[in-house]
Amino acid sequence: MLRLLLRVLYLLYFICIGGPLFLTATLLCSLVTIISSYLGAPASFISGATGIWSRICLFVSLCRVEVRGREHLPSRDAPCVVVANHQGAYDIFALNGYIGIPFKWVLKIQLRRLPFVGKACEAAHYIFVDETKPSSIAKTISDAKRVLATGNSIFIFPEGSRTLTGEITRFKKGAFVIASELDVPILPVTIDGAFAILPRGHILPHPRKIILTIHPAFLMSDQGTPPAHIPASARHAQQVIASALPKGS
């Protein structure tokens, strides 16, 4: 009964207060990103704006974030490919707001069609991937090379889409092909708790705590010689990320 009462109170709060603030912050951040990009604002300004937006979205949703393993973060002049399990929409807010290094997202092309947000992602020079076209990987590698040359890392969800059950699924090789081609380290990050906030197919969130665990980076060459090092690195990253999840996740 108490749990039901708390849920009802939270829904009333989010519908009347939290949700409108969430949408307002998203709209304002999108406009700031688009306008500042056209005005030639530095990437650090846009990154800072999206970080503030992410923290606001978490705050108004009454969600907390704990970061473990900050000592494993690379220096700002040592870009890498960041990979993490994909539990839900709130993964993006946690990583944008708390990961602590400049990076650009690698996103599905479908996100480009989202009102305001899609245009803001374009303005922020995020990388879009069309998974229906095999030739897309070549353009992705070219775009990633450009991003890394500016000192930014790139971020990819190797599972490709959000988990349906909360359990981690097999990692695809795209992120590891990029890391191999561009000779940069892989930085694994575990996300725990975001699935309970907003499971796939749900609209209204639940207030929960997200734990980000940053693991030591590793080189593709640590996992063998080409081309076997690509699937080996994917398996290794998945095992490392899964090690910080509760058993059964």
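Non-local lysine pairs in the chain, meaning eight or more places apart or on different chains, with alpha-carbon distances under 24 Å, amount to 24. Along its first, second and third principal axes, ordered by size, segment 1-55 spans 54, 16, 8 Å in Cα coordinates. Over the C-alpha atoms of segment 65-242, the Rg to Rh ratio, Rh being the Kirkwood estimate, stands at 0.94.
Exposure proxy for Tyr13, Tyr38: other Cβ atoms within 10 Å of each Cβ, ordered fewest to most, give Tyr38, Tyr13.
Springs join every pair of Cα atoms under 10 Å in this Gaussian network model of the chain, and among Gly160, Gly100, Gly201 the largest mean-square fluctuation is at Gly201. For the residues Ala237, Ala123, Ala138, a GNM of the chain with alpha-carbon springs under 10 Å puts the largest fluctuation on Ala138. Extents of segment 17-107, taken as max minus min of Cα coordinates on every principal axis and listed largest first, are 37, 34, 21 Å. The Rg/Rh ratio of segment 118-218, with both radii computed over alpha carbons and Rh defined as the Kirkwood radius, is 0.98.
Check every DSSP H run in the chain and write down those whose alpha carbon atoms cover 15 angstrom or more along the long axis and whose mean Kyte-Doolittle hydropathy is -1.0 or greater. Counting only whole DSSP H runs, the qualifying helices are 2-13, 19-38, 43-60, 136-149, 229-242.
Size of segment 85-177 from its Cα atoms: along the principal axes, largest to smallest, the extents are 35, 31, 27 Å. Between segment 65-93 and segment 129-197, the C-alpha centres lie 12 angstrom from each other. As a proxy for reagent exposure, ranking Met1, Met220 by other Cβ atoms within 10 Å from fewest up yields Met1, Met220. Normalised by the number of residues in segment 65-242, the average gap of Cα pairs under 8 Å and 6 or more apart makes the relative contact order 32 percent. Give me the percent of DSSP beta bridges within the chain that run antiparallel, rounded to the nearest 5. Percentage antiparallel, nearest 5: 20.
Rule-based calculations on the coordinates, nothing more; no lab input. No experiment lies behind these values; they were computed from the predicted model shown. Here Cβ is always computed from backbone atoms with ideal geometry, including for glycine, and neighbour counts include all displayed protein chains.
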